[in-house]
1. When you check Lys302 against the structure, is it in contact (Cβ under 8 Å) with a residue 40 or more places away in the chain, loosely packed, with under 14 Cβ neighbours inside 10 Å, over 16 Å from the mean Cα position of the chain (by Cα) and under 30 Å from Asp85 (Cβ atoms), yes or no?
2. State the number of residues belonging to region 250-282 that are assigned to a helix (DSSP H, G or I), under 26 Å from Phe81 (Cβ atoms) and modelled with pLDDT of 90 or more.
3. When you go through (1) within 19 Å of the chain's Cα centre (by Cα); (2) modelled with pLDDT of 95 or more; (3) surrounded by fewer than 18 Cβ atoms within 10 Å (Cβ to Cβ) one by one for Gly94, which number turns out not to apply?
4. In this structure, does Arg160 turn out to be among the charged types (D, E, K, R), touching a residue at least 24 places away in the same chain (Cβ under 8 Å), closer than 24 Å to Phe200 by Cα and surrounded by 13 or more Cβ atoms within 10 Å (Cβ to Cβ)?
5. Report, by residue number, each residue of region 99-141 that is closer than 30 Å to Asn177 by Cβ and buried (at least 18 other Cβ atoms within 10 Å of the Cβ).
6. Within the set of pairs 6+ apart or on separate chains, which have a first residue in region 208-234 that is more than 19 Å from Tyr73 (Cα to Cα) and touching a residue at least 40 places away in the same chain (Cβ under 8 Å), a second that is of a type in the set (D, E, K, R) and in a loop (DSSP other than H, G, I, E, B), and C-beta atoms under 8 Å apart?
7. Hey, any hits in region 197-206 for a residue that's assigned to a loop (DSSP other than H, G, I, E, B) and of a type in the set (Phe, Trp, Tyr)?
8. What's the number of the only condition in (1) small (Gly, Ala, Ser); (2) farther than 25 Å from Ile223 by Cβ; (3) out of contact with any Phe, Trp or Tyr (no Cβ under 9 Å at 6 or more places or on another chain) that Ala129 fails to meet?
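The values are calculated or read from the model by the stated rules, or taken from the named source; none is laboratory data. Being a predicted model, the structure only gives us computed values, none of them experimental. Every residue, glycine among them, receives a Cβ derived from its backbone with ideal geometry; neighbour counts consider all protein chains shown.
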Amino acid sequence: MTTVATKLMSALALVSALLGAPVAAQQQPASQPELAESARQEANPALWKVSDADTTIYLFGTIHLLPKGIDWYHGKVESAFEQADELVTEIPEGAEAEAPALVVRLGMLPSGESLRTQMDADERTKYEAALAGQGLPAEAFDRYQPWFAAVTLATIPLMREGFDPSRGVEAELAERNRKLARPRVGLETLDFQLGLFAGFSHTVQKQYLFEVIDSLPQLKGEIDKMVDAWASGNAIALAELMNADESSPELIEALIVNRNKTWSAWIRQRLDRPGTVFLAVGAGHLGGAGSVQDQLEKAGLKVERVQ
């Protein structure tokens, strides 16, 4: 079975940018009371490390949005994070401030163009029905590129179900890191990440949009499976879920595989300097063939499972 969830989980790294857009911002879930302690779920997500004589780099896969009540910051993850000298994430501290301007530059169509006019009659009918199903007007994304409509359209129902970027793993790590007054390094810029989507052809972007539309009825169930696999530390099951989508090799290559190669090269270079690093990136990058660990092992480095 194929699923759009792999590409969506990578795209959810961009959710901070989407929250700067009017449509998504209006869909943020209302505040909810804290769960009772008995209702909280203890999670034990996977953790790896690669090291040499004077450098240790922990590799931790994150979920960009989490439902309320998952307690994952404890045990070996907490210990590794607390002893690190720096936090490394996909984008650096404060990058979110650039999001509104970047969305305008990279997410909007040229003046005079409209997303719906680029669809045939059947596509337009299907697209407008999907927006209506989310309580959105037909013109909601008329000024936007297909990739932006796709990511936002998929994010909205998840947020309504209680998945919240403010409870995502990166958000908590960033806040803890600020309190420790430690440096935070970004592997990429937000400009680069958004540019990946904007750089796809209109055909590929539109294909992605309609894959999202087709997946909406099953989307929460697919994400729930991924969150459960992540929370239980079942890296094999998570890799299988996140590598199930082979419908758009161009997207997978750009969003997952090529970035894994770049990040593994960064890790190899970072081993040349002493210290302890806690590197946290989307969990889809740390499982299966072509993963960051796979790239490191191909380069002759030993990657050890810590948790």
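1. Yes, satisfied.
2. The qualifying residues number 12.
3. Tallying (1) within 19 Å of the chain's Cα centre (by Cα); (2) modelled with pLDDT of 95 or more; (3) surrounded by fewer than 18 Cβ atoms within 10 Å (Cβ to Cβ), Gly94 fails exactly one: (2).
4. Considered against the rule, which asks whether it is among the charged types (D, E, K, R), touching a residue at least 24 places away in the same chain (Cβ under 8 Å), closer than 24 Å to Phe200 by Cα and surrounded by 13 or more Cβ atoms within 10 Å (Cβ to Cβ), Arg160 comes out as no.
5. Hits for region 99-141 are Ala99, Leu102, Val103, Leu106, Gly107.
6. Filtered contacts from region 208-234: Lys220/Glu161.
7. Looking for residues that are assigned to a loop (DSSP other than H, G, I, E, B) and of a type in the set (Phe, Trp, Tyr), one finds at least one in region 197-206, hence yes.
8. Evaluating Ala129 over (1) small (Gly, Ala, Ser); (2) farther than 25 Å from Ile223 by Cβ; (3) out of contact with any Phe, Trp or Tyr (no Cβ under 9 Å at 6 or more places or on another chain) leaves (2) as the failure.
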